[in-house]
Amino acid sequence: MLRLLLTLLLFLLTLTLGAWGIYHSYLDDLERHARQSAEHARTIIDSMIDQAQRANAAVLPDAGAPCANVELSLREQAALGLFIRSVNLAWKGRLYCTSLFGVVDEADEPELYTGRTLLLMKGNRVRQNHPLLVIRQERGDGVALTAIDGQSLSFMLDLGRGNSWVILQVGSVWLDGHGRFGNVPAPMANTSAVRVVSKRYPFVIDSGYITAVNWQSAWHARQMVFLMLLLISTLFAVLLWWQLGRSRSPSGELERALRAREFVPYLQPMVAGDTEQMVGVEVLMRWQHPTAGLIRPDLFIPQAEASGLILPMTSQMMQQVARSLKSIQHTFPAGFHVGFNICAAHCHDSGKLYEDCYQFLAYFEPGRVTLVLELTERELLVEDAGTLELFRRLDAMGVKLAIDDFGTGHSSLSYLQRFHVDILKIDQSFIRRIGTESLSEHIVDNVIDLASRLGLVLVAEGVETAEQASYLKAKKVDLLQGFYFGRPEPMRSFITRWLSGEAGQSARQFHQPAP
(Lines give C-alpha, C1' and ligand atoms only; values in the text may rest on other atoms or scores of the structure.)
Protein backbone atom coordinates (compact mmCIF):
# COMPACT_ATOMS: atom_id res chain seq x y z
CA MET A 1 0.00 0.00 0.00
CA LEU A 2 2.83 2.41 0.88
CA ARG A 3 4.53 1.61 -2.42
CA LEU A 4 1.32 2.44 -4.29
CA LEU A 5 0.77 5.68 -2.35
CA LEU A 6 4.34 6.87 -2.93
CA THR A 7 4.10 6.06 -6.63
CA LEU A 8 0.78 7.87 -6.96
CA LEU A 9 2.15 10.83 -5.00
CA LEU A 10 5.17 11.13 -7.30
CA PHE A 11 2.94 10.92 -10.37
CA LEU A 12 0.58 13.63 -9.12
CA LEU A 13 3.42 15.83 -7.85
CA THR A 14 5.33 15.61 -11.13
CA LEU A 15 2.18 16.20 -13.15
CA THR A 16 1.02 19.14 -10.99
CA LEU A 17 4.37 20.93 -10.82
CA GLY A 18 5.02 20.29 -14.49
CA ALA A 19 1.58 21.57 -15.51
CA TRP A 20 2.03 24.64 -13.31
CA GLY A 21 5.38 25.32 -14.94
CA ILE A 22 3.99 24.86 -18.44
CA TYR A 23 1.07 27.17 -17.69
CA HIS A 24 3.29 29.94 -16.33
CA SER A 25 5.72 29.45 -19.20
CA TYR A 26 2.73 29.92 -21.50
CA LEU A 27 1.82 33.16 -19.69
CA ASP A 28 5.44 34.35 -19.91
CA ASP A 29 5.45 33.62 -23.62
CA LEU A 30 2.24 35.62 -24.03
CA GLU A 31 3.72 38.57 -22.17
CA ARG A 32 6.96 38.35 -24.13
CA HIS A 33 5.07 38.27 -27.40
CA ALA A 34 2.85 41.18 -26.31
CA ARG A 35 5.95 43.22 -25.45
CA GLN A 36 7.64 42.35 -28.72
CA SER A 37 4.49 43.36 -30.62
CA ALA A 38 4.28 46.68 -28.72
CA GLU A 39 7.95 47.50 -29.23
CA HIS A 40 7.71 46.59 -32.89
CA ALA A 41 4.69 48.88 -33.30
CA ARG A 42 6.43 51.73 -31.41
CA THR A 43 9.51 51.48 -33.65
CA ILE A 44 7.44 51.58 -36.83
CA ILE A 45 5.24 54.47 -35.70
CA ASP A 46 8.31 56.42 -34.55
CA SER A 47 9.64 55.90 -38.07
CA MET A 48 6.36 57.03 -39.66
CA ILE A 49 6.30 60.18 -37.53
CA ASP A 50 9.95 60.79 -38.44
CA GLN A 51 8.92 60.78 -42.09
CA ALA A 52 6.10 63.20 -41.37
CA GLN A 53 8.49 65.47 -39.45
CA ARG A 54 10.84 65.51 -42.41
CA ALA A 55 7.97 66.64 -44.61
CA ASN A 56 7.11 69.33 -42.05
CA ALA A 57 10.71 70.49 -41.92
CA ALA A 58 10.82 70.72 -45.73
CA VAL A 59 7.78 73.03 -46.03
CA LEU A 60 7.98 74.97 -42.77
CA PRO A 61 10.33 77.66 -44.24
CA ASP A 62 7.55 78.49 -46.72
CA ALA A 63 4.98 79.22 -44.00
CA GLY A 64 3.42 82.67 -44.54
CA ALA A 65 4.08 82.62 -48.32
CA PRO A 66 0.97 82.78 -50.55
CA CYS A 67 -0.71 79.39 -50.98
CA ALA A 68 -0.38 79.63 -54.76
CA ASN A 69 3.40 79.80 -54.35
CA VAL A 70 3.70 76.81 -51.94
CA GLU A 71 0.82 74.56 -52.96
CA LEU A 72 2.93 72.57 -55.41
CA SER A 73 5.64 72.02 -52.79
CA LEU A 74 3.03 70.72 -50.34
CA ARG A 75 1.67 68.27 -52.89
CA GLU A 76 5.17 67.12 -53.77
CA GLN A 77 5.91 66.25 -50.11
CA ALA A 78 2.56 64.45 -49.78
CA ALA A 79 3.29 62.42 -52.93
CA LEU A 80 6.79 61.45 -51.78
CA GLY A 81 5.71 60.26 -48.32
CA LEU A 82 4.69 56.62 -48.26
CA PHE A 83 2.14 57.00 -45.45
CA ILE A 84 1.31 60.68 -45.76
CA ARG A 85 -2.22 61.75 -46.64
CA SER A 86 -1.72 65.54 -46.69
CA VAL A 87 0.78 68.31 -45.88
CA ASN A 88 -0.51 71.66 -44.59
CA LEU A 89 0.70 75.14 -43.59
CA ALA A 90 -0.64 77.59 -40.97
CA TRP A 91 0.36 81.15 -40.22
CA LYS A 92 -0.40 83.15 -37.14
CA GLY A 93 -2.98 80.63 -35.87
CA ARG A 94 -4.83 80.09 -39.18
CA LEU A 95 -4.55 77.08 -41.43
CA TYR A 96 -4.41 78.65 -44.89
CA CYS A 97 -2.96 76.12 -47.37
CA THR A 98 -3.24 72.30 -47.83
CA SER A 99 -1.99 69.79 -50.38
CA LEU A 100 -5.54 68.51 -50.81
CA PHE A 101 -7.65 71.66 -51.19
CA GLY A 102 -5.21 74.42 -51.77
CA VAL A 103 -6.45 77.64 -50.13
CA VAL A 104 -8.40 77.12 -46.87
CA ASP A 105 -9.12 79.22 -43.84
CA GLU A 106 -9.41 77.25 -40.60
CA ALA A 107 -8.23 77.75 -37.05
CA ASP A 108 -5.02 76.08 -35.89
CA GLU A 109 -5.70 74.89 -32.35
CA PRO A 110 -2.41 73.72 -30.78
CA GLU A 111 -4.13 72.95 -27.46
CA LEU A 112 -5.85 69.98 -29.14
CA TYR A 113 -2.51 68.34 -29.80
CA THR A 114 -0.81 66.13 -27.25
CA GLY A 115 2.42 67.89 -26.41
CA ARG A 116 1.50 70.38 -29.14
CA THR A 117 2.77 67.72 -31.51
CA LEU A 118 0.33 64.83 -32.13
CA LEU A 119 -3.39 64.70 -32.78
CA LEU A 120 -5.19 61.41 -33.44
CA MET A 121 -8.42 62.22 -35.27
CA LYS A 122 -11.43 60.14 -36.19
CA GLY A 123 -11.47 61.66 -39.67
CA ASN A 124 -11.73 64.93 -41.58
CA ARG A 125 -14.25 66.58 -43.85
CA VAL A 126 -13.13 64.43 -46.78
CA ARG A 127 -13.46 61.09 -44.98
CA GLN A 128 -15.47 61.39 -41.80
CA ASN A 129 -14.69 57.92 -40.36
CA HIS A 130 -11.20 57.39 -41.66
CA PRO A 131 -8.76 58.02 -38.79
CA LEU A 132 -5.57 59.95 -39.28
CA LEU A 133 -2.66 61.08 -37.15
CA VAL A 134 -1.60 64.74 -37.52
CA ILE A 135 2.00 65.68 -36.72
CA ARG A 136 2.44 69.35 -35.93
CA GLN A 137 5.70 71.34 -36.05
CA GLU A 138 5.92 75.05 -35.35
CA ARG A 139 8.55 77.77 -35.84
CA GLY A 140 7.65 81.25 -34.78
CA ASP A 141 4.31 82.21 -36.39
CA GLY A 142 4.57 79.39 -38.92
CA VAL A 143 3.23 75.87 -38.43
CA ALA A 144 3.53 72.77 -40.62
CA LEU A 145 1.08 69.90 -40.19
CA THR A 146 1.41 66.49 -41.85
CA ALA A 147 -1.37 63.88 -41.65
CA ILE A 148 -0.56 60.16 -41.67
CA ASP A 149 -3.24 57.83 -43.02
CA GLY A 150 -5.00 55.86 -40.25
CA GLN A 151 -5.29 52.79 -42.44
CA SER A 152 -1.51 52.65 -42.70
CA LEU A 153 -1.27 53.05 -38.93
CA SER A 154 -3.71 50.18 -38.36
CA PHE A 155 -1.81 48.00 -40.79
CA MET A 156 1.43 48.60 -38.93
CA LEU A 157 -0.24 47.92 -35.58
CA ASP A 158 -1.62 44.66 -36.91
CA LEU A 159 1.67 43.58 -38.45
CA GLY A 160 3.28 40.83 -36.36
CA ARG A 161 0.81 41.10 -33.48
CA GLY A 162 -0.29 37.43 -33.67
CA ASN A 163 -3.21 36.91 -31.26
CA SER A 164 -2.40 39.91 -29.12
CA TRP A 165 -4.28 43.19 -29.18
CA VAL A 166 -2.16 46.25 -30.01
CA ILE A 167 -3.39 49.86 -29.86
CA LEU A 168 -1.88 53.29 -30.47
CA GLN A 169 -2.90 55.77 -27.78
CA VAL A 170 -2.38 59.52 -28.17
CA GLY A 171 -3.74 61.47 -25.25
CA SER A 172 -7.20 60.11 -24.51
CA VAL A 173 -7.92 58.68 -27.96
CA TRP A 174 -6.76 55.41 -29.46
CA LEU A 175 -6.61 53.37 -32.63
CA ASP A 176 -6.20 49.57 -32.91
CA GLY A 177 -4.99 47.20 -35.58
CA HIS A 178 -8.51 46.69 -36.90
CA GLY A 179 -8.94 50.43 -37.62
CA ARG A 180 -11.26 50.98 -34.66
CA PHE A 181 -11.09 54.45 -33.17
CA GLY A 182 -12.05 55.46 -29.67
CA ASN A 183 -12.16 58.72 -27.72
CA VAL A 184 -12.92 57.05 -24.38
CA PRO A 185 -10.38 55.07 -22.34
CA ALA A 186 -9.35 52.00 -24.26
CA PRO A 187 -10.38 48.58 -22.86
CA MET A 188 -7.48 47.06 -20.98
CA ALA A 189 -6.10 43.66 -21.82
CA ASN A 190 -7.11 40.86 -19.43
CA THR A 191 -3.78 39.07 -19.63
CA SER A 192 -0.15 40.03 -20.24
CA ALA A 193 -0.92 43.75 -20.47
CA VAL A 194 2.16 45.66 -21.62
CA ARG A 195 2.62 49.41 -22.19
CA VAL A 196 5.53 50.78 -24.22
CA VAL A 197 6.13 54.56 -24.21
CA SER A 198 7.81 56.31 -27.10
CA LYS A 199 10.89 58.20 -25.96
CA ARG A 200 10.63 60.66 -28.85
CA TYR A 201 6.96 61.43 -29.34
CA PRO A 202 3.95 61.73 -27.02
CA PHE A 203 2.25 58.42 -27.72
CA VAL A 204 2.13 54.97 -26.11
CA ILE A 205 1.55 51.47 -27.41
CA ASP A 206 -0.60 49.13 -25.33
CA SER A 207 -0.55 45.40 -26.01
CA GLY A 208 -2.00 42.26 -24.42
CA TYR A 209 -4.82 39.75 -24.66
CA ILE A 210 -8.47 40.65 -24.23
CA THR A 211 -9.79 37.11 -24.54
CA ALA A 212 -9.63 35.02 -21.36
CA VAL A 213 -6.43 33.07 -20.87
CA ASN A 214 -6.94 29.94 -18.76
CA TRP A 215 -5.96 26.30 -18.52
CA GLN A 216 -8.10 25.44 -21.53
CA SER A 217 -6.36 27.96 -23.75
CA ALA A 218 -3.00 26.80 -22.37
CA TRP A 219 -3.95 23.20 -23.26
CA HIS A 220 -4.78 24.18 -26.83
CA ALA A 221 -1.55 26.15 -27.14
CA ARG A 222 0.71 23.58 -25.45
CA GLN A 223 -1.10 20.31 -26.08
CA MET A 224 1.99 18.35 -27.14
CA VAL A 225 3.96 19.65 -24.15
CA PHE A 226 1.21 18.57 -21.74
CA LEU A 227 1.11 15.13 -23.36
CA MET A 228 4.89 14.84 -22.99
CA LEU A 229 4.53 15.84 -19.33
CA LEU A 230 1.91 13.11 -18.84
CA LEU A 231 4.25 10.58 -20.42
CA ILE A 232 7.23 11.71 -18.31
CA SER A 233 5.14 11.66 -15.11
CA THR A 234 4.02 8.14 -15.92
CA LEU A 235 7.59 7.03 -16.62
CA PHE A 236 8.78 8.54 -13.32
CA ALA A 237 5.97 6.77 -11.47
CA VAL A 238 6.77 3.44 -13.14
CA LEU A 239 10.47 3.91 -12.33
CA LEU A 240 9.66 4.63 -8.67
CA TRP A 241 7.32 1.64 -8.51
CA TRP A 242 10.10 -0.55 -9.89
CA GLN A 243 12.71 0.94 -7.56
CA LEU A 244 10.51 0.49 -4.49
CA GLY A 245 9.83 -3.10 -5.47
CA ARG A 246 13.52 -3.74 -6.09
CA SER A 247 15.36 -4.67 -2.98
CA ARG A 248 18.66 -3.10 -2.04
CA SER A 249 19.68 -6.00 0.26
CA PRO A 250 19.00 -9.74 0.53
CA SER A 251 16.63 -9.10 3.43
CA GLY A 252 14.83 -6.44 1.45
CA GLU A 253 14.34 -8.84 -1.44
CA LEU A 254 12.97 -11.46 0.93
CA GLU A 255 10.56 -8.90 2.37
CA ARG A 256 9.39 -7.97 -1.12
CA ALA A 257 8.93 -11.64 -2.04
CA LEU A 258 6.97 -12.24 1.17
CA ARG A 259 4.60 -9.39 0.32
CA ALA A 260 4.22 -10.74 -3.21
CA ARG A 261 3.54 -14.26 -1.85
CA GLU A 262 6.32 -15.73 -3.98
CA PHE A 263 7.20 -18.46 -1.45
CA VAL A 264 5.27 -21.55 -2.49
CA PRO A 265 4.86 -24.99 -0.87
CA TYR A 266 6.22 -28.14 -2.50
CA LEU A 267 5.08 -31.47 -1.06
CA GLN A 268 7.20 -34.66 -0.93
CA PRO A 269 5.47 -37.99 -0.18
CA MET A 270 6.23 -39.97 2.96
CA VAL A 271 5.33 -43.67 2.86
CA ALA A 272 4.84 -46.44 5.40
CA GLY A 273 7.93 -48.64 5.63
CA ASP A 274 5.95 -51.88 5.39
CA THR A 275 3.29 -51.13 2.73
CA GLU A 276 4.82 -48.21 0.82
CA GLN A 277 1.43 -46.51 0.98
CA MET A 278 1.53 -42.76 1.37
CA VAL A 279 0.80 -41.70 4.94
CA GLY A 280 2.05 -38.13 4.93
CA VAL A 281 4.03 -35.35 3.30
CA GLU A 282 6.85 -33.00 4.17
CA VAL A 283 6.20 -29.38 3.16
CA LEU A 284 9.26 -27.81 1.52
CA MET A 285 9.51 -24.11 0.81
CA ARG A 286 10.47 -22.91 -2.66
CA TRP A 287 10.89 -19.36 -3.95
CA GLN A 288 9.12 -18.70 -7.25
CA HIS A 289 11.04 -15.56 -8.25
CA PRO A 290 9.43 -13.47 -11.04
CA THR A 291 12.69 -13.21 -13.01
CA ALA A 292 15.12 -15.80 -11.59
CA GLY A 293 12.59 -18.65 -11.63
CA LEU A 294 12.49 -21.34 -8.96
CA ILE A 295 15.15 -20.77 -6.27
CA ARG A 296 16.47 -23.61 -4.11
CA PRO A 297 15.86 -23.30 -0.35
CA ASP A 298 19.57 -23.51 0.54
CA LEU A 299 20.06 -20.20 -1.29
CA PHE A 300 17.58 -18.21 0.79
CA ILE A 301 16.58 -20.12 3.95
CA PRO A 302 19.80 -19.26 5.88
CA GLN A 303 19.29 -15.53 5.16
CA ALA A 304 15.63 -15.82 6.14
CA GLU A 305 16.59 -17.40 9.45
CA ALA A 306 19.31 -14.82 10.14
CA SER A 307 16.95 -11.91 9.43
CA GLY A 308 13.98 -13.36 11.33
CA LEU A 309 11.84 -13.39 8.18
CA ILE A 310 11.58 -17.15 8.42
CA LEU A 311 8.79 -16.63 10.98
CA PRO A 312 6.26 -14.87 8.71
CA MET A 313 7.39 -17.02 5.77
CA THR A 314 6.57 -20.22 7.69
CA SER A 315 3.30 -18.75 8.93
CA GLN A 316 2.27 -17.87 5.39
CA MET A 317 3.26 -21.34 4.19
CA MET A 318 1.23 -23.11 6.89
CA GLN A 319 -1.86 -21.08 6.00
CA GLN A 320 -1.49 -21.89 2.29
CA VAL A 321 -1.14 -25.61 2.93
CA ALA A 322 -4.01 -25.73 5.42
CA ARG A 323 -6.41 -23.94 3.08
CA SER A 324 -5.49 -26.22 0.17
CA LEU A 325 -5.60 -29.54 2.03
CA LYS A 326 -8.79 -28.76 3.92
CA SER A 327 -10.98 -29.61 0.93
CA ILE A 328 -9.49 -33.11 0.51
CA GLN A 329 -8.99 -34.05 4.18
CA HIS A 330 -11.69 -36.76 4.04
CA THR A 331 -9.55 -38.69 1.55
CA PHE A 332 -6.59 -38.83 3.94
CA PRO A 333 -5.95 -41.79 6.21
CA ALA A 334 -6.35 -40.96 9.89
CA GLY A 335 -3.36 -39.13 11.37
CA PHE A 336 -2.03 -38.05 7.97
CA HIS A 337 1.47 -36.72 8.62
CA VAL A 338 2.14 -33.07 7.52
CA GLY A 339 5.61 -31.83 8.42
CA PHE A 340 7.06 -28.30 8.44
CA ASN A 341 10.66 -27.30 9.09
CA ILE A 342 11.31 -24.91 11.97
CA CYS A 343 14.47 -23.48 13.52
CA ALA A 344 15.51 -21.92 16.82
CA ALA A 345 14.17 -18.54 15.71
CA HIS A 346 10.61 -19.93 15.76
CA CYS A 347 10.98 -20.74 19.44
CA HIS A 348 12.09 -17.22 20.32
CA ASP A 349 8.57 -16.02 19.51
CA SER A 350 6.78 -18.93 21.10
CA GLY A 351 3.38 -17.28 21.06
CA LYS A 352 3.47 -16.86 17.28
CA LEU A 353 4.49 -20.47 16.60
CA TYR A 354 1.82 -21.79 18.95
CA GLU A 355 -0.84 -19.62 17.27
CA ASP A 356 0.23 -20.76 13.79
CA CYS A 357 -0.02 -24.42 14.80
CA TYR A 358 -3.38 -23.87 16.45
CA GLN A 359 -4.78 -22.16 13.35
CA PHE A 360 -3.36 -24.88 11.09
CA LEU A 361 -5.06 -27.71 13.01
CA ALA A 362 -8.31 -25.72 13.17
CA TYR A 363 -8.74 -26.31 9.41
CA PHE A 364 -9.06 -30.08 9.94
CA GLU A 365 -11.27 -32.48 11.82
CA PRO A 366 -9.72 -33.79 15.07
CA GLY A 367 -7.35 -36.71 14.42
CA ARG A 368 -7.45 -36.28 10.64
CA VAL A 369 -4.01 -34.65 10.37
CA THR A 370 -0.90 -34.94 12.51
CA LEU A 371 1.15 -31.75 12.46
CA VAL A 372 4.88 -32.38 12.75
CA LEU A 373 7.48 -29.68 13.39
CA GLU A 374 10.89 -30.73 12.10
CA LEU A 375 13.61 -28.99 14.08
CA THR A 376 16.77 -28.15 12.13
CA GLU A 377 20.17 -27.54 13.70
CA ARG A 378 21.39 -24.57 11.70
CA GLU A 379 20.91 -22.47 14.84
CA LEU A 380 21.38 -23.85 18.34
CA LEU A 381 18.16 -24.14 20.31
CA VAL A 382 18.55 -22.82 23.86
CA GLU A 383 16.90 -24.78 26.65
CA ASP A 384 15.06 -22.15 28.62
CA ALA A 385 11.74 -21.96 30.42
CA GLY A 386 10.00 -20.36 27.44
CA THR A 387 11.10 -23.05 24.97
CA LEU A 388 10.21 -25.89 27.34
CA GLU A 389 6.78 -24.38 27.98
CA LEU A 390 6.21 -23.97 24.23
CA PHE A 391 7.00 -27.63 23.51
CA ARG A 392 4.80 -28.69 26.42
CA ARG A 393 1.84 -26.73 25.07
CA LEU A 394 2.43 -28.00 21.53
CA ASP A 395 2.57 -31.59 22.78
CA ALA A 396 -0.72 -31.07 24.63
CA MET A 397 -2.22 -29.83 21.36
CA GLY A 398 -1.06 -33.01 19.60
CA VAL A 399 1.77 -31.44 17.61
CA LYS A 400 4.74 -33.81 17.16
CA LEU A 401 8.39 -32.74 17.34
CA ALA A 402 10.93 -34.30 14.97
CA ILE A 403 14.70 -33.90 14.82
CA ASP A 404 15.66 -33.42 11.18
CA ASP A 405 18.96 -34.69 9.70
CA PHE A 406 19.70 -36.68 12.86
CA GLY A 407 23.33 -37.66 13.23
CA THR A 408 24.90 -34.68 11.46
CA GLY A 409 24.48 -31.94 14.06
CA HIS A 410 26.44 -31.45 17.22
CA SER A 411 23.31 -31.02 19.31
CA SER A 412 21.13 -33.92 18.13
CA LEU A 413 21.76 -36.11 21.19
CA SER A 414 21.38 -33.17 23.59
CA TYR A 415 18.01 -32.41 22.04
CA LEU A 416 16.90 -35.95 22.83
CA GLN A 417 17.87 -35.41 26.45
CA ARG A 418 16.33 -31.96 26.93
CA PHE A 419 13.17 -31.96 24.84
CA HIS A 420 10.24 -34.28 24.35
CA VAL A 421 11.03 -35.59 20.86
CA ASP A 422 8.61 -37.85 18.97
CA ILE A 423 10.35 -38.54 15.66
CA LEU A 424 13.91 -39.01 14.41
CA LYS A 425 14.77 -38.43 10.76
CA ILE A 426 17.96 -40.19 9.63
CA ASP A 427 20.02 -37.88 7.46
CA GLN A 428 20.08 -38.78 3.78
CA SER A 429 23.90 -38.73 3.69
CA PHE A 430 23.88 -42.04 5.60
CA ILE A 431 21.02 -43.55 3.60
CA ARG A 432 22.72 -42.94 0.26
CA ARG A 433 25.76 -45.04 1.32
CA ILE A 434 23.74 -48.14 2.16
CA GLY A 435 25.12 -50.98 0.09
CA THR A 436 28.33 -49.13 -0.68
CA GLU A 437 29.82 -48.33 2.71
CA SER A 438 29.58 -50.54 5.78
CA LEU A 439 30.27 -47.69 8.24
CA SER A 440 27.13 -45.84 7.15
CA GLU A 441 25.10 -49.00 7.55
CA HIS A 442 26.43 -49.36 11.10
CA ILE A 443 25.43 -45.76 11.86
CA VAL A 444 21.94 -46.37 10.46
CA ASP A 445 21.64 -49.54 12.52
CA ASN A 446 22.65 -47.67 15.68
CA VAL A 447 20.13 -44.89 15.03
CA ILE A 448 17.41 -47.48 14.43
CA ASP A 449 18.33 -49.19 17.67
CA LEU A 450 18.35 -45.86 19.54
CA ALA A 451 14.90 -44.91 18.21
CA SER A 452 13.55 -48.32 19.13
CA ARG A 453 14.89 -48.10 22.68
CA LEU A 454 13.47 -44.59 23.15
CA GLY A 455 10.12 -45.44 21.57
CA LEU A 456 10.52 -42.87 18.78
CA VAL A 457 9.10 -42.97 15.27
CA LEU A 458 11.92 -43.30 12.74
CA VAL A 459 11.97 -41.72 9.31
CA ALA A 460 14.63 -42.43 6.67
CA GLU A 461 15.27 -39.52 4.27
CA GLY A 462 16.92 -39.63 0.86
CA VAL A 463 15.81 -43.11 -0.25
CA GLU A 464 16.72 -43.29 -3.94
CA THR A 465 17.16 -46.99 -4.81
CA ALA A 466 15.31 -50.25 -4.37
CA GLU A 467 18.29 -51.66 -2.44
CA GLN A 468 18.09 -48.83 0.10
CA ALA A 469 14.32 -49.26 0.44
CA SER A 470 14.63 -53.04 0.98
CA TYR A 471 17.36 -52.60 3.60
CA LEU A 472 15.30 -50.07 5.56
CA LYS A 473 12.11 -52.13 5.32
CA ALA A 474 14.01 -55.12 6.63
CA LYS A 475 15.13 -52.99 9.57
CA LYS A 476 11.47 -52.06 10.17
CA VAL A 477 11.98 -48.32 9.73
CA ASP A 478 8.59 -46.71 10.22
CA LEU A 479 8.51 -44.14 7.41
CA LEU A 480 10.47 -43.71 4.19
CA GLN A 481 11.03 -40.59 2.13
CA GLY A 482 13.06 -39.89 -1.01
CA PHE A 483 13.15 -39.67 -4.79
CA TYR A 484 12.53 -43.43 -5.05
CA PHE A 485 8.98 -42.78 -3.84
CA GLY A 486 8.44 -39.29 -5.15
CA ARG A 487 10.09 -35.96 -5.71
CA PRO A 488 8.77 -32.73 -4.20
CA GLU A 489 6.07 -31.23 -6.39
CA PRO A 490 3.83 -28.14 -6.31
CA MET A 491 0.88 -28.47 -4.00
CA ARG A 492 -1.70 -28.08 -6.77
CA SER A 493 -0.13 -30.95 -8.70
CA PHE A 494 -0.06 -33.07 -5.54
CA ILE A 495 -3.76 -32.45 -4.86
CA THR A 496 -4.68 -33.26 -8.47
CA ARG A 497 -2.89 -36.61 -8.30
CA TRP A 498 -4.37 -37.42 -4.92
CA LEU A 499 -7.91 -36.75 -6.08
CA SER A 500 -7.34 -38.76 -9.26
CA GLY A 501 -7.06 -41.89 -7.11
CA GLU A 502 -3.38 -42.52 -7.72
CA ALA A 503 -2.80 -42.19 -3.98
CA GLY A 504 -4.27 -45.63 -3.51
CA GLN A 505 -1.35 -47.09 -5.43
CA SER A 506 2.18 -47.28 -4.10
CA ALA A 507 3.90 -43.95 -3.64
CA ARG A 508 6.49 -44.92 -6.23
CA GLN A 509 3.68 -45.17 -8.80
CA PHE A 510 1.96 -42.11 -7.41
CA HIS A 511 4.81 -39.84 -8.36
CA GLN A 512 6.87 -40.32 -11.49
CA PRO A 513 10.44 -38.99 -11.10
CA ALA A 514 10.66 -35.45 -12.33
CA PRO A 515 13.71 -33.63 -13.63
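Projected area of segment 6-98, taken from the Cα convex hull and averaged over every viewing direction, in nm²?
Numbers: hull surface 35.2 nm².
The number I arrive at for segment 6-98 is 8.8 nm².
Could you work out Rg/(2.2 N^0.38 Å) for segment 237-326, with Rg from alpha carbons only?
Numbers: Rg = 16.0 Å, N = 90, 2.2 N^0.38 = 12.2 Å.
In units of the 2.2 N^0.38 Å rule of thumb, it is 1.32.
To the nearest 20 debye, what is the magnitude of the charge dipole of the chain about its Cα centre, counting +1 on the Cβ of each Lys and Arg and -1 on the Cβ of each Asp and Glu? Working shown, then result.
On the way: 48 positive and 53 negative charges, 353 e Å.
Dipole size: approximately 1700 debye.
Helix-derived [θ] at 222 nm for the chain: sum -39500 (n - 2.57) over DSSP H runs of at least 4, divide by residue count, nearest 500? Intermediate values should be presented prior to the final figure.
Working: 17 runs with 226 residues, N = 515.
Theoretical 222 nm ellipticity from helices: -14000 deg cm²/dmol.
When the Karplus curve 6.51 cos²θ - 1.76 cosθ + 1.60 is applied with θ = phi - 60°, which whole-Hz ³J(HN,Hα) does each residue of segment 480-493 get, with x for Gly and Pro?
Here the 3J(HN,Hα) series is 10, 8, x, 5, 4, 9, x, 7, x, 9, x, 4, 4, 5 Hz.
Using the heavy atoms of the protein chains and a 1.4 angstrom probe, tell me the accessible area per residue for the chain in square angstrom.
Spelled out: the 1.4 Å probe surface of the chain, per residue, equals 49 Å².
Percent of accessible area on segment 30-111 owned by carbon and sulfur, 1.4 Å probe?
Numbers: 2060 of 4030 Å².
About 51 percent, which is the carbon plus sulfur part of the accessible surface.
Report residue 241's accessible area, 1.4 Å probe, all protein chains in place, as a number in Å² to the nearest 10.
100 Å²
Return P(r) of segment 12-161 (all Cα-Cα pairs; 5 Å bins starting at 0; whole %; ordered from short to long distances).
Percent of Cα pairs in each bin: 2, 9, 16, 18, 15, 10, 6, 5, 4, 3, 3, 3, 2, 1, 1, 0, 0.
With both bridge residues required to lie in the chain, what share of the DSSP beta bridges run antiparallel, to the nearest 5%?
If we restrict to bridges inside the chain, about 70 percent are antiparallel.
Could you sort the peptides 344-355, 53-64 by per-residue average Cβ neighbour count (10 Å cutoff), highest mean leading?
Values: 344-355: 17.0, 53-64: 18.7.
Output ranking for 344-355, 53-64: 53-64, 344-355.
Which translational diffusion coefficient, to the nearest whole µm²/s, is obtained for segment 292-442 from the Stokes-Einstein equation, given a Kirkwood hydrodynamic radius over C-alpha pairs, 4 °C and 1.567 mPa s? Write out the running numbers ahead of the final one.
On the way: Rh = 16.8 Å.
Approximately 77 µm²/s, per Stokes-Einstein.
How big is the accessible area of residue 426 in square angstrom, nearest 10, if you roll a 1.4 angstrom probe over the protein chains?
Here the residue's solvent-accessible area equals roughly 0 Å².
Just want to confirm a number: the relative contact order over the chain, from Cα pairs under 8 angstrom separated by 6+ residues, in percent.
Once divided by the residue count of the chain, the mean separation gives 11 percent.
In whole percent, and with a 1.4 Å probe on the protein chains, what portion of the accessible area of segment 426-476 is carbon and sulfur? Each step should come with its number before you reach the end.
On the way: 1310 of 2690 Å².
The C+S portion of the solvent-accessible surface of segment 426-476 is 49 percent.
The values are calculated or read from the model by the stated rules, or taken from the named source; none is laboratory data. This is a predicted model, so every value here is computed, not measured. FYI the Cβ positions are ideal-geometry reconstructions off the backbone, even for glycines, and counts take in every protein chain you see. Side chains are part of the model used for accessible areas, which takes the heavy atoms of the whole protein and leaves out ligands, DNA and RNA. Shrake-Rupley method; radii C 1.70, N 1.55, O 1.52, S 1.80 Å.
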